[in-house]
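Note sheet for the following structure.
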Amino acid sequence: MISYLVPAGYGEAEFTEKRSRFIGRVWRTDSEAEALECLRKTREAHRDATHNVYAYIIRENNISRFSDDGEPQGTSGLPTLNVFTSEKVQNVCCVITRYFGGTLLGAGGLVRAYSKAAKMALDAAGISRMAQWRSYLISCEYNFFERAKYILEEYEAVLKDTDFGADVVIEALLREDKGADFEEKLTDASAGKAHFEVVGREFLGVRIS
């Protein structure tokens with residue numbers, strides 16, 4: 001089953017290190033053209049910056065690019081890219097703008113600063129999983145509710161809503177490849193008393209962090 005991670009949205013973060021200002025920005029970009037447009041707009045908005053370091057990964061055609069934009073080789077673009085490869089995030093563009101503060105950070109300091117800016121921007125954006133999802137309505141008695149939540153967490157479900165009426169009704173999303181095992185586990189754990197219905201299927205991005 002196709003499943004991959006992407007930024008959940010736009011993210012921006014900023015910090016200062018030894019008077020140098022770092023501004024990290026992350027976008028979801030589904031093509032190289034979109035990534036290059038994000039880079040162009042950032043460069044235009046920050047023409048006075050010392051550096052506009054970038055990295056992007058595009059799932060289609062397995063494209064990954066990065067640039068140190070004048071920083072010492074290997075100290076900025078590649079560490080930025082490595083944040084996303086280590087998190088397994090694709091269809092992402094990150095541009096980190098630096099305004100030099102007058103104090104050299106050294107190679108190790110630059111690697112840490114650019115990695116930090118990329119990670120902070122990604123955390124601000126959040127992460128979504130693109131996959132085929134099943135939409136469930138699950139009803140159970142109140143005394144089984146906590147157990148049902150535990151099973152849903154075990155199968156990495158995303159809880160959308162909970163209604164507390166005569167019974168508890170949970171609306172949740174589960175990846176298609178986990179659905180059959182989840183249904184069996186829920187039925188066994190509740191001795192058949194918890195009921196579920198698949199009310200939809202869709203390939204979409206669901207935020208997981």
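Each reported figure results from applying straightforward, stated rules to the coordinates on display, with no laboratory input. As the structure is a computational prediction, the values presented were derived from the model and not from experiment. Cβ coordinates were reconstructed from backbone atoms using ideal geometry, including for glycine residues, and neighbour counts include every protein chain displayed.
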What does the C-alpha gyration tensor say about the overall shape of the range 1-79? Classify as rounded when a/c is under 1.5, otherwise prolate if a/b is larger than b/c, or oblate.
prolate
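First obtain the Kirkwood hydrodynamic radius of the range 129-207 from its Cα pairs, then insert it into the Stokes-Einstein equation at 25 °C and 0.890 mPa s, and state the resulting D in µm² per second as a whole number. Walk me through the numbers on the way to the answer.
Details: Rh = 12.5 Å.
Answer, rounded: 197 µm²/s.
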Could you work out how far the C-alpha centroid of the range 106-182 sits from that of the range 1-50, in angstrom?
25 Å
Fully extended, how many nm does the chain gain between Leu204 and Glu60 (0.36 nm per residue separation, minus their Cα-Cα distance)?
50.2 nm
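Net charge near Phe15: determine it from the other residues with C-beta under 15 Å of the C-beta of Phe15, scoring Lys and Arg +1 and Asp and Glu -1.
So the environment of Phe15 carries a net charge of +4.
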Looking at this model, which pairs from Lys149/Lys193; Lys119/Lys149; Lys119/Lys178; Lys88/Lys160; Lys18/Lys41 are more than 21 angstrom apart at the alpha-carbon?
Lys119/Lys149; Lys119/Lys178; Lys88/Lys160; Lys18/Lys41
If we count other beta carbons within 10 Å of each Cβ, what is the order of Leu173, Leu159, fewest first?
Leu159, Leu173
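Counting other Cβ atoms within 10 Å, which trypsin sites (Lys or Arg not before Pro) in the range 31-109 have at most 13 and lie in a DSSP loop?
Answer by residue number: Arg47, Lys88.
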For volume of the Cα convex hull per residue in Å³, calculated from these coordinates, the label among (1) 109; (2) 125; (3) 138:
(3)
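Per DSSP H run of n ≥ 4, the term is -39500 (n - 2.57); total these for the chain, divide by its residue number, and report the mean residue ellipticity at 222 nm rounded to 500 deg cm²/dmol.
Calculated mean residue ellipticity at 222 nm is -10500 deg cm²/dmol.
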Give me the extension gain from Thr16 to Thr50: residue separation times 0.36 nm, minus the current Cα-Cα distance, reported in nm with one decimal.
10.8 nm
For the chain, with +1 on Lys and Arg beta carbons and -1 on Asp and Glu, the positive-most of Asn91, Ala117, Ala148 along the dipole
Ala117
Set Lys and Arg Cβ to +1 and Asp and Glu Cβ to -1, take the dipole of the chain about its Cα centre, and tell me which of Ile127, Thr187, Ala33 lies farthest positive.
Ala33
What is the distance, in nm, between label points placed 7 Å from the Cα along the Cα-to-Cβ direction at Thr103 and at Lys88?
3.9 nm
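State the extension gain, in nm to one decimal, for the chain segment bounded by Gln132 and Glu156, taking 0.36 nm per residue of separation less the distance between their alpha-carbons. Walk me through the numbers on the way to the answer.
Values: separation 24, 0.36 × 24 = 8.64 nm, distance 1.36 nm.
Full extension from Gln132 to Glu156 adds 7.3 nm.
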